[in-house]
Amino acid sequence: MKKSLFVIVTKTAEALPVETARIALDSADRVTLIQDGVYNTPERFAARGFAVDASKWSALDDDVQARSIATVFELTSYDGIVEDIEKHHRTVVL
């Protein structure tokens, strides 16, 4: 049985360690953007060579609202993040 992976992205795509991020994001079953990670767009990730399956990605609503930005990703709450942590076998923070 495959162990599921939840990835939390706290930085912009340009600030991520490329190889570590590639391994984590390619293996992720779910990805949530928080803190400065909410500034990311699929295009920013594509420019760094990362593939984005938007159906697996979300952004923390509180951080999106605090920065007064828009996002194409589904919005989630802190409770949603806790649920994802509990649901997946492993969690990685980038």
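The values are calculated or read from the model by the stated rules, or taken from the named source; none is laboratory data. Since this is a predicted model, take the numbers as computed values, not measurements. Glycine gets a Cβ as well: all are built from the backbone with ideal geometry, and neighbour counts include every protein chain shown. Just the protein is used for accessible areas: all its heavy atoms, side chains included, with ligands, DNA and RNA removed. Shrake-Rupley method; radii C 1.70, N 1.55, O 1.52, S 1.80 Å.
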Quiz item: Among the residues of segment 64-73, which ones are open to solvent by 20 Å² or more (accessible area, probe 1.4 Å) and either β-branched (V, I, T) or under 14 Å from I8 (Cα atoms) (or both)?
Solution: I69, T71, V72
Exercise. State whether the residues of segment 37-52 include one that is at pLDDT 95 or above and open to solvent by 50 Å² or more (accessible area, probe 1.4 Å).
Key: yes
Exercise. Please state which of the following conditions T20 fails to meet, knowing it meets all the rest: (1) open to solvent by less than 70 Å² (accessible area, probe 1.4 Å); (2) farther than 21 Å from K87 by Cα; (3) of a type in the set (S, T, N, Q).
Key: (1)
Practice problem: Among the residues of segment 76-89, count how many are within 14 Å of the chain's Cα centre (by Cα) and open to solvent by 80 Å² or more (accessible area, probe 1.4 Å). | Solution: 1
Exercise. Tally the residues that are at pLDDT 95 or above and among the polar types (S, T, N, Q), restricting the search to segment 53-62.
Key: 1
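Can you name every one of the helices (runs of 4 or more DSSP H) wholly within segment 1-78 that holds 3 or more residues which are of a type outside the set (S, T, Y), within 16 Å of V92 (Cβ to Cβ) and in contact (Cβ under 8 Å) with a residue 24 or more places away in the chain?
Details: elements: 18-27, 42-47, 61-66.
Filter on segment 1-78 gives 18-27.
Condition check ((1) among the hydrophobic types (A, V, I, L, M, F, W, C); (2) touching a Phe, Trp or Tyr at 6+ places or on another chain (Cβ under 8 Å)) across all residues:
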| residue | (1), (2) |
| --- | --- |
| F6 | yes, no |
| S27 | no, no |
| R30 | no, yes |
| Q35 | no, no |
| A47 | yes, no |
| D84 | no, yes |
| R90 | no, yes |
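Does A54 qualify as being within 12 Å of the chain's Cα centre (by Cα) and among the aliphatic types (A, V, I, L, M)? Even if it seems obvious, please write down each step before you answer.
Details: within 12 Å of the chain's Cα centre (by Cα): yes; among the aliphatic types (A, V, I, L, M): yes.
Yes, satisfied.
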